[in-house]
Amino acid sequence: MALVTTKEMFQKAYDGGYAIGAFNVNNMEIVQGITEAAGELKSPVILQVSKGARAYANHTYLVKLVEAAVAENNIPIALHLDHGPDFETCKSCIDGGFTSVMIDASHYDFEKNIEITKQVVEYAHERGVVVEAELGKLAGVEDDVKVAADDAMYTQPDEVQEFVERTGVDSLAIAIGTSHGAFKFKPGQKPQLRFDILDEITKRIPQFPIVLHGASSVSQEYVQIIQKNGGNLADAIGIPEDMLRQAARSAVCKINIDSDLRLAMTAGVREVLYNNPAAFDPREYLKVGRSYVKELVKHKITDVLGSEQKA
């Protein structure tokens, strides 16, 4: 099976009332953990790469790792650029084997966002690649995406139809209360997704794939392992999984998960090194980190996304 686009994935997810997990990848162990979990559960999956991941691991290495995962697992896998900051980055990924790209021009005004997004869409569609864009601003920090809470903006439902029609984009990331990073909210603050905004957007663009960014739940299981082994993540707060399950049953076809993966990998590595300070074989501590990533992804697929047996 070759890499696929997200087009058929999203149509099936919309019709079936579930969502596809879009998991950020940075190295071999994370790719393996994600795809082994998805393969065993017969779930389609999106492996997504940020600008920071490309700078860290090199575009070619990441593409080849994902191609290896495709060869090893008989499931639909899409390779997606997460938060492409400009046309040039999107073009590089399109030309370099990605089947899906996100252009994030949400920090510009409405007309500029449309202009840049349309440019990417035209180039991508000519080459059989699909495009995600963003309308609204999510708070938080993730790689090069840094938006202060005071600058965050909910997506305006009255803008979505015009944006989709004028750009020709294939899916839309919206801001309804999620936030990037593990430290999404202040201690004591209750996360709340604006399902009223989601419902209004769905009315404006029916049958259109919606994407949630910043949707890690910040698993307390892994937070506790990290803290037990010398870390400090006491203020890490994520999105409650019952809200994500509700979103997955609606028009949301893609849910992005990054911070949870980092927590799982870090928990495994820290546990090994804290309990055995003399350990020096990366195969030993990365193996545990990989197993925690796999465990986490299985949980997300079965208990949050609902995408098992949908490959």
- Item | Solvent-accessible area of residue 60 with every protein chain in place, 1.4 Å probe, in Å² to the nearest 10 | 80 Å²
- Message: One quarter of the convex hull surface, Cα atoms only: what value does that give for the stretch 202-311 in nm²?
- Response: 8.2 nm²
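What dipole magnitude, in Debye to the nearest 20, does the stretch 1-82 give about its Cα centre under +1 on Lys/Arg Cβ and -1 on Asp/Glu Cβ?
240 debye
How big is the equivalent ellipsoid of the chain along its three axes, where each semi-axis is √(5λ) from the Cα gyration tensor, reported in whole Å from largest to smallest? Don't skip to the answer; put the middle values down first.
On the way: eigenvalues 172, 100, 67 Å².
Each semi-axis is the square root of five times an eigenvalue, giving 29, 22, 18 Å.
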- Just the number, please: Stokes-Einstein D of the stretch 27-121 in µm²/s, Kirkwood Rh from C-alpha pairs, 20 °C, 1.002 mPa s. 152 µm²/s
- Where q = 0.25, 0.26 Å⁻¹, what log10 of I(q)/I(0) comes from the Debye formula for the stretch 2-78, counting one point per Cα? -1.19, -1.25
- Output the relative contact order of the chain, whole-number percent, from Cα pairs under 8 angstrom with separation of 6+ residues. 22 percent
- Select from the stretch 69-140 those trypsin sites (Lys or Arg not before Pro) which occupy a DSSP coil region and have at most 13 other Cβ atoms within 10 Å, ordered by residue number. 127
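For the stretch 189-310, give the magnitude of the charge dipole about the Cα centre (Cβ charges: +1 Lys/Arg, -1 Asp/Glu; no others), in debye to the nearest 20. Please report the intermediate quantities before stating the final value.
Working: 17 positive and 15 negative charges, 58 e Å.
In total the dipole reaches around 280 debye.
Antiparallel versus total DSSP beta bridges in the chain: what percent is that, nearest 5? Please list the in-between numbers first.
Working: 4 of 37 bridges.
Here the share of antiparallel DSSP bridges comes out near 10 percent.
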- Task: Whenever you get a sec, line up 42, 7 from highest to lowest accessible area (probe 1.4 Å, protein heavy atoms).
- Result: 7, 42
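When Lys and Arg each count +1 and Asp and Glu each count -1, what net charge do the other residues less than 15 Å away from residue 5, Cβ to Cβ, add up to? Can you show the working numbers first?
Working: positive: 7, 12, 127, 254; negative: 8, 126, 132, 170.
Counting the neighbours of residue 5, the net charge comes to 0.
The values are calculated or read from the model by the stated rules, or taken from the named source; none is laboratory data. Computed from a prediction, not measured in an experiment: that's the story for all the values here. All Cβ positions, even for glycine, are placed from backbone atoms using ideal geometry, and neighbour counts span all protein chains on display. Ligands, DNA and RNA are excluded from the accessible area calculation, which covers all protein heavy atoms including side chains. Shrake-Rupley method; radii C 1.70, N 1.55, O 1.52, S 1.80 Å.
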